[in-house]
Amino acid sequence: MTQSHQPDNITVDNERSLNKLAWAIEASVGRFKLIFARCNYTSLRSQLVERLRELTKVDIRILELKPTDRRLFARIQQELEQYKPDFHDLSFTKKDKNSGVSASPRPRIPASIFKLDVLMVFGLESVDNLEQLLATTNQVREEFRKHFPFPLILWINDPIMEKLLRVAPDFESWGTTREFVIATDRLIDFLQTSTEQLFKGNLNPTVETCREIQLACQELPNRQQELDLELRASIASLLGFIEYVKSNFDAALEHCQTALELWQQSNHLERQLKLLVDLAFCYYLKKNRYRKPDHPDVQATKRYIQQALDILEQVNRPDLSASSVFKLGDMLRDLQDWEPLQTLAQQALLYHQTQELPMELARDYGLLAEVALARERWQDAYELAKQALGTLSAISDLRSLNSLGVVSESVLLVDQSRYLLILAKVQQHLGQTPEALRNLAEARKVGTPEANPSLYLDILHHLHQLYFEQKQYSQAFEIKLEQRSIEQQYGFRAFIGAGWIKAQRQAKLAPTQIQVQETVAPEITAFGRLLNVEHLIERIARNDCKLIVIHGESGVGKSSLVYGGLVPALKQKAIGISDVVPVAMRVYTNWVEQLGKLLTTALEEKRVNIPVPLNSEAAILEQLQQTESLNLRTVLIFDQFEEFFFVYPDSIQRRQFFEFIGACLNILPVKVILSLRKDYLHYLLECNRLDCMKIIGNDVLTKNVLYELGNFSPVDAKAIIQHLTETYHFYLEPALIEQLVQDLAGNLGEVRPIELQIVGAQLQTDNITKLAQYRELGAKEELIKRYLAEVVSSCGAENKQVAELVLYLLTDEKGTRPLKTRTELERDLQVLVADLSTPEESLDLVLKIFVDSGLVVLLPELPTDRYQLVHDYLATFIRQQQEPRLNELIAQLEQEREQRQQLEIQVQTLLQMKSKGGRLTESLEFLQQEGIAEGELGHQILLHKEMTILFADIRSFTSLSETMSLKENFDFLNSYFSRIIPVVHKHNGFIDKYIGDAFLAIFPQFADDAVQAAIEIQKQISLYNSLRERIGERRITVGIGINTGIVMLGTVGEPERMETLVLSEEVNLASRVEGLTKTYRVDILISEQTLNSLRDKNQYNYRFIDRIKKRGSTSSICCFEVYDANPKPLIELKRQTHTEFEQGIAFYFQENFVQAQQVFQRILQQNEQDRVTQCYLEHCQTHIIK
């Protein structure tokens, strides 16, 4: 306590205070009375409560607060629910007008009828965010008087009283305080017992235990009693332990050093040994992965380890060697000091074998395996690692682990992951790659970063290395991203690059076997946006601010602000008597389903029961309305909202979403935040026309709604760099920071957050900490170049050229970032590099890695996605970097174009030859060179260029031909071809070959030629069918598939007989597209390559139908129906249902078959002739049945 206490008076004083408390309780039953019972120790509190029950006749109820509680008032209200009376016993009834029968609606029950005499509250000291709880209590203090007509006793300790006076002075002034003190002899006994437990290794470091020990250590010196040497040493030892548990290593070192000096005076070697190990371990935990071997912390670790080893040698006690091996073993292993580690592990092994301790034996084997591994004794290392795993697996009953000196299953899993890593390292050296990969994957599965981040990062490092060596670049990069994220979250990395800053986490210190709850570190400050987060929270707390629109340039850090700052801050925030429930989403393909899932997860974290699935707008709105009665304030955050406009280009679809947002804004506890790029703000103007937006004055772009996020000023950027590098122990020379800020600000006078992160990440990767190193490297531009090169190298050496070209193709000569589809990128690549190997696989890999790295943004759209560089400044840099190397390539392409022009002149010459009486096939007419015309074989490949292929086939020709004679078959085909082939020639195409009733036509100039030819062919078929019906013949249907791509045309044969051959996967693709016309019963299908090659695709009527996979590739292409050849009424009906049809398709591909079925049924009610819709409806019904 704060004042001195005479030991003889303590018991009397406690009894007197207890009697006063009992009298105050009895006198206040039935009305609100606030009493603070001040006591620092739970053991004393338990005795006092039992004595209090003897002194008073009232029924004392106890409420135990949880660490996650945020609001005292709401928590008490929740507790009162169990004391409410039976509703049937109450007369809250009213007459039903129709039946005259009394109806009993659920009334709001006044607190006065709750059967409760007095309520005691325990656990304030265990609340994670106590200051927030107290501040909220102070704000709503009048609610306590209104709703709680009974004495309320809050048990507090000295630190809580200090916070009460500082944070909730008004609430504190309402109460009276009764103080209870522990006797001095009991206090000394408590400290001595705790010290014994500490040095025996069985002190359970719970939050409550640590708090009471700390209070006792602070309180005893105030008791006017002289402390002997051993007691002072005990207090210093305990304080050092507590600071160590809190990860306050500097304070822990100070206390442990004091304790060591005191125990040295008493010549207590066993306790000196433990303190030396703890001192070494504190310095070891301070050691950052970027510190060099000569760093003072590293040297201090080595010094204290050696002193501990000296004592072990002096006392020659196997039990002490065994108890010290784990901390010493971890340190010696990381310091690669193998000789003392082997000696220590062997001594420990002998002792643990006699004690039958399997967990400890497994650790001994594991340490010896690492020694063997370091000394390249592969077989020994393998056997020892297997022995460690086998010993560990023998522990079947996890409930018995505490008796073995282990406190949790997580520790067991950490050890298992370490032994699997050792085994994998051995297998990697022995060339057993598949086995190594399996063991590393298992180690990653059972390990967790919060238990031991360094070990987990080591597992990821080797897993990344193996995946990369096996050319599994996508998996390797996923692992690399996880590495970076964990390094940032657990304090190993100050800068993250182009990725998002995430909420920071605190590791559980596995070697100490303590239970430390996960905490959220100052990740908001880490990105320099703390002030922005505070401003946004202030707006959210205001009743007049319902909608917030965060906007800024690309790369300014909007997503990092949301996920790394705002969301974690709101999760720990209470506004008034309400907890805040942030729900952040950034995928909009099926926004109702996605939002429903996210809201369900967020509410379940608040222990809210969700009675029905939130799979509709109505269900979501109903649940949001109910949150008010639960004292919850929901904040819906729609991040990267510009993507919404890509997914829903139709204003009708967008209106549905905005009306839903308007309905949310009209629910009192709900706030909405939209976060999007500045250049998309104008899209929000369409909200202003909606009646539901009256709540914001029908002005979505007003100052009260908008919140701009800008770049950093040079002063702010300097402060941010200093804060980040100091927090993460990556210290930069002040002169380097000055130069870095100057270079980053440049002519703009501001620092872009993304550029700061990219440059900072490369500084840390290259371990550049001094200005001289920075200048020697080439300053900022070289760092950005290295960062880009690192991402490119992640694609693999064989994909480097594709990766560099993709970056170049995502820029233009204006230095901006064009949006490009995958098809457009593939086409441009093939134009630039004709001999590119496996372009589909390479391109898919490169795009995935670029998107995952954050360099490229994927913009989801229907029917095909688009890609864009993350920021304009990268476009200029990439353009300047790549252009000189591409000039040579462009020159080569110019030479090829000239050769192609010469070839076309030769073709024209050949055509003139035919007009003079020459006899050539159509393909040769187009392709023939002079040497071929003269009867020589010459060049085999005559042309390599982009062309459009048309494949046409008569459906069910086999059954038709069976009804005709052989002559009738030939007559039919000649009649059919005589009407169709002239159409091909008319539109600048030629027939490559006939395949029975099918033919393959090539259109070498424009894709439009092929599409227009297909439309006219179908019209000719209609006329031909009219003629056939008049003479009593069956109608025929023809399916046409069209694809565009690079093809090679060449000659095969001998001089006397030569034919052309078309070689390309694009020809096979055209045939497969045509095959799809049979499935969906349509006339014309074209690939997305053809659609994107049209000069003006808007002059055609088309719609998305399906995707088909390319052979030998994981990528797929989209197919579109062109329905310009349909009868005009059918064309108009398809136009009218176009938007709804796309919505149905979207539902179908999201596997939302029920909603898709409903959409397709509505379409068929309008257009029963829509065969594609009928087909999809059948697919939906099949899936639903399954």
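The values are calculated or read from the model by the stated rules, or taken from the named source; none is laboratory data. In this text, all values refer to a predicted model and were calculated from it rather than measured experimentally. FYI the Cβ positions are ideal-geometry reconstructions off the backbone, even for glycines, and counts take in every protein chain you see.
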Checking I673 against (1) crowded, with 18+ Cβ neighbours inside 10 Å; (2) farther than 30 Å from Q739 by Cα; (3) in contact with a His (Cβ under 9 Å, 6 or more places away or on another chain), which test does it fail?
(3)
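Residue by residue, here is whether (1) at positive phi; (2) within 35 Å of the chain's Cα centre (by Cα); (3) surrounded by fewer than 20 Cβ atoms within 10 Å (Cβ to Cβ) holds:
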residue: T1137; (1), (2), (3): no, no, no
residue: E1142; (1), (2), (3): no, yes, yes
residue: E1151; (1), (2), (3): yes, yes, yes
residue: A1156; (1), (2), (3): no, yes, no
residue: Q1161; (1), (2), (3): no, no, yes
residue: L1164; (1), (2), (3): no, no, yes
residue: E1168; (1), (2), (3): no, no, yes
residue: V1172; (1), (2), (3): no, no, no
Could you tell me whether any residue of the range 280-289 is closer than 23 Å to R186 by Cβ, in contact (Cβ under 8 Å) with a residue 24 or more places away in the chain, surrounded by 20 or more Cβ atoms within 10 Å (Cβ to Cβ) and not assigned by TED's automatic domain parsing to the domain that holds G491?
no
Among (1) over 30 Å from Q1089 (Cβ atoms); (2) of a type outside the set (D, E, K, R); (3) surrounded by 23 or more Cβ atoms within 10 Å (Cβ to Cβ), which single condition is N799 missing?
(1)
Checking the conditions here, which among S651, S616 is among the polar types (S, T, N, Q), farther than 30 Å from R70 by Cβ and at pLDDT 90 or above?
S616
Tell me which helices (runs of 4 or more DSSP H) are completely within the range 1080-1186 and hold 3 or more residues being farther than 19 Å from A1070 by Cα, or say none if there are none.
1128-1136, 1138-1149, 1153-1166, 1171-1185
Give me a count of the residues in the range 628-657 that are within 28 Å of the chain's Cα centre (by Cα) and within 23 Å of V567 (Cα to Cα).
14
Looking for whichever is without any contact (Cβ under 8 Å) to a residue 60 or more places away in the chain and closer than 27 Å to R484 by Cα here; the options are A719, A663, A745. Which one fits?
A745
Of all residues in the range 155-177, count the ones that are assigned to a helix (DSSP H, G or I) and not hydrophobic (A, V, I, L, M, F, W, C).
9
Give the number of residues within the range 134-193 that are at pLDDT below 90, surrounded by 21 or more Cβ atoms within 10 Å (Cβ to Cβ) and hydroxyl-bearing (S, T, Y).
1
With (1) at pLDDT 80 or above; (2) assigned to a loop (DSSP other than H, G, I, E, B); (3) of a type in the set (A, V, I, L, M); (4) surrounded by fewer than 22 Cβ atoms within 10 Å (Cβ to Cβ) as the list, and A569 as the residue in question, which single condition is left unmet?
(2)
Check whether at least one residue in the range 859-879 is outside the structural domain of F468 (by TED's automatic domain parsing), modelled with pLDDT of 85 or more and surrounded by fewer than 17 Cβ atoms within 10 Å (Cβ to Cβ), and report yes or no.
no
Read through the list (1) touching a residue at least 60 places away in the same chain (Cβ under 8 Å); (2) crowded, with 19+ Cβ neighbours inside 10 Å, then give the number of the only condition that Q623 fails.
(1)
From V751, V759, V791, which residue is surrounded by 21 or more Cβ atoms within 10 Å (Cβ to Cβ) and either among the charged types (D, E, K, R) or touching a strand residue (DSSP E or B) at 6+ places or on another chain (Cβ under 7 Å) (or both)?
V751
Based on what the data block shows, is L309 modelled with pLDDT under 90, farther than 24 Å from Q192 by Cβ and aliphatic (A, V, I, L, M)?
no
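Rundown of residues vs (1) farther than 25 Å from L756 by Cα; (2) within 30 Å of the chain's Cα centre (by Cα); (3) of a type outside the set (G, A, S), yes/no style:
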| site | (1), (2), (3) |
| --- | --- |
| M693 | yes, no, yes |
| T702 | yes, no, yes |
| E708 | no, yes, yes |
| P714 | no, no, yes |
| I721 | no, yes, yes |
| Y731 | no, yes, yes |
| P734 | no, no, yes |
Among the residues of the range 359-382, which ones are over 11 Å from I422 (Cβ atoms), of a type outside the set (K, R) and either surrounded by 16 or more Cβ atoms within 10 Å (Cβ to Cβ) or not assigned by TED's automatic domain parsing to the domain that holds R418 (or both)?
M359, E360, L361, A362, D364, D380
What are the pairs with Cβ atoms under 8 angstrom where one residue, in the range 178-203, is not assigned by TED's automatic domain parsing to the domain that holds R16 and assigned to a helix (DSSP H, G or I) and the other, located anywhere, is basic (K, R) and exposed (fewer than 14 other Cβ atoms within 10 Å of the Cβ)? Sequence gap at least six, or different chains.
none
The residue from S1087, S1113 that alone is surrounded by 14 or more Cβ atoms within 10 Å (Cβ to Cβ), in contact with a Ser or Thr (Cβ under 9 Å, 6 or more places away or on another chain) and at pLDDT 90 or above is S1087
